[in-house]
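Everything below concerns the one structure shown next.
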Amino acid sequence: YTILSKVHSDRNVYPSAGVLFVHVLEREYFKGEFPPYPKPGEISNDPITFNTNLMGYPDRPGWLRYIQRTPYSDGVLYGSPTVENVGKPTIIEITAYNRRTFETARHNLIINIMSAEVDFPLPYQAEFFIRNMNVEEMLASEVLGDFLGAVKNVWQPERLNAINITSALDRGGRVPLPINDMKEGVYVMVGADVPFSSCLREVENPQNQLRCSQEMEPVITCDKKFRTQFHIDWCKISLVDNTKQVSTFQEVIRGEGILPDGGEYKPPSDTLKSRDYYSDFLITLAVPSAIALVLFLILAYIMCCRREGVEKRNMQTPDIQLVHHSAIQKSTKELRDMSKNREIAWPLSTLPVFHPVTGEMVPPLHADSYDNTSMPLMQTQQ
């Protein structure tokens, strides 16, 4: 169900179009390319990273992906070749970097894509989302074999192949939190030659669709066959039946490339008729300006010539109200005039004095026994 090969110098591999291809870059092999520098008796465990690119280009082909989780883990090349690349050898340059000694080693991987023995892609394709797996864990041959075995028991096809594997991060997923050994999730697409089983069709039931819309787990009878090892999100399963899809491609009919004869070319005349823009001026500027002027005059007449005036207001106001208003204005004027004199010096009679013998502060006025009712408020200053 999958093509698995180990890295070698200038290795030739022969994957099939439409079938998942996996190639492992083992660190143990590249350790022999770098001379050991540790002390005798010590085991060298240098951090090694890989860089893969198409020969003559900075990146890999579109169908080929690469992943290496840490410098102390193996790198993996994986992808699903397309039919368009059949018969075209693809040379991948693999460069290994020793992060301790800063040395490099380069090998070439020659990928010869072969046409499949049977018709590919298979007409019935199902894509599963596995929540408790990372992409490098799913690419292991034993794990992928267990998953395909569980799918085969549920589907019962004659031919079953893994078509593609995609990390959830490549589909817009978020990086999981580093707690409780959370996984990022992986999408696995498989294809078969028989229609989908009743178990897989249970996802399309209205009850399960309603539970998925409410973010609840749907009820799937065959989920127990996966639950022991794989936690599948049944709300994200995708079932594609290529036999029912109608091709909308329309064949393009190409002509001879010669334009039809439309007669001789007749350019426009050099003499152009003059045009009168007076009517356009009247409609565009004169008419709106005249309307604005009339409105301005009407508004000015209402605001300036139709005022009632103070005399008419006084005539309509009662006399007693005018008297009160006049008294209030007069009192207000007197208070304002008095407030202007606050800046002058205070009378000496209002300032505190000191006793000539004891030095105590005594009030400026006479004693309480003195009858001051007949005294003026302001004492005469000498």
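Does Ala96 fit the bill of being outside the structural domain of Glu184 (by the TED database), surrounded by fewer than 19 Cβ atoms within 10 Å (Cβ to Cβ) and either in contact with a helix residue (DSSP H, G or I) (Cβ under 9 Å, 6 or more places away or on another chain) or closer than 30 Å to Phe230 by Cβ (or both)?
It is false that Ala96 is outside the structural domain of Glu184 (by the TED database), surrounded by fewer than 19 Cβ atoms within 10 Å (Cβ to Cβ) and either in contact with a helix residue (DSSP H, G or I) (Cβ under 9 Å, 6 or more places away or on another chain) or closer than 30 Å to Phe230 by Cβ (or both).
Among residues belonging to region 104-117 that are open to solvent by 30 Å² or more (accessible area, probe 1.4 Å) and closer than 23 Å to Tyr57 by Cβ, point out the one that is modelled with the lowest pLDDT.
Looking at the filtered set, the residue picked out is Met114.
Considering each residue of region 84-108, count those that are under 38 Å from the mean Cα position of the chain (by Cα) and outside any loop (DSSP other than H, G, I, E, B), and give that number.
Looking only at that region, the number is 11.
Please determine, by comparing only the residues of region 21-45 that are of a type in the set (Asp, Glu) and modelled with pLDDT of 70 or more, which one is surrounded by the fewest Cβ atoms within 10 Å (Cβ to Cβ).
My answer is Glu28.
Looking only at region 195-225, count how many residues are over 16 Å from Ala150 (Cα atoms) and not acidic (Asp, Glu).
16
Just for helices (runs of 4 or more DSSP H) wholly inside region 254-353: which have at least 1 residues that are at pLDDT 85 or above and of a type outside the set (A, V, I, L, M)?
The qualifying helices (runs of 4 or more DSSP H) are 278-281, 287-300, 319-339.
Which one is farthest from Met189 (Cα to Cα), of the residues in region 73-103 that are modelled with pLDDT of 90 or more and aromatic (Phe, Trp, Tyr)?
Only one residue fits best here, namely Tyr97.
For residues in region 145-171 being closer than 20 Å to Thr228 by Cβ and β-branched (Val, Ile, Thr), which is surrounded by the fewest Cβ atoms within 10 Å (Cβ to Cβ)?
Val154
From the residues in region 120-144 that are closer than 18 Å to Asp223 by Cα and aliphatic (A, V, I, L, M), which one is surrounded by the fewest Cβ atoms within 10 Å (Cβ to Cβ)?
Once the filter is applied, the top-ranked residue is Val143.
Residue check: is Ala162 out of contact with any Asp or Glu (no Cβ under 6 Å at 6 or more places or on another chain) and in a strand (DSSP E or B)?
yes
Name the residue, out of Asn98, Asn108, Asn53, Asn85, that is within 15 Å of Val19 (Cβ to Cβ) and of a type outside the set (A, V, I, L, M).
Sole residue among the options that is within 15 Å of Val19 (Cβ to Cβ) and of a type outside the set (A, V, I, L, M): Asn85.
For region 172-195, which residues satisfy the criterion of being outside any loop (DSSP other than H, G, I, E, B), out of contact with any helix residue (DSSP H, G or I) (no Cβ under 7 Å at 6 or more places or on another chain) and open to solvent by less than 40 Å² (accessible area, probe 1.4 Å)?
Gly191
Anything in region 196-214 that is within 27 Å of the chain's Cα centre (by Cα) and either surrounded by 15 or more Cβ atoms within 10 Å (Cβ to Cβ) or not in a helix (DSSP H, G or I) (or both)? List them, or say none.
Cys212, Gln214
Return the pairs, sorted by first residue and then second, in which the second residue is among the acidic types (Asp, Glu) and open to solvent by 20 Å² or more (accessible area, probe 1.4 Å), the first residue lies in region 174-198 and is closer than 18 Å to Gln229 by Cβ, the beta carbons are less than 6 Å apart, and the residues are 6+ apart or on different chains.
Tyr187/Glu127
The values are calculated or read from the model by the stated rules, or taken from the named source; none is laboratory data. Computed from a predicted model, the values in this text were never measured in an experiment. Because the Cβ atoms are built from the backbone with ideal geometry, glycine has one as well, and the counts that use them run over all protein chains shown. Surface areas here come from the heavy atoms of the whole protein model, side chains and all, with no ligands, DNA or RNA. Shrake-Rupley method; radii C 1.70, N 1.55, O 1.52, S 1.80 Å.
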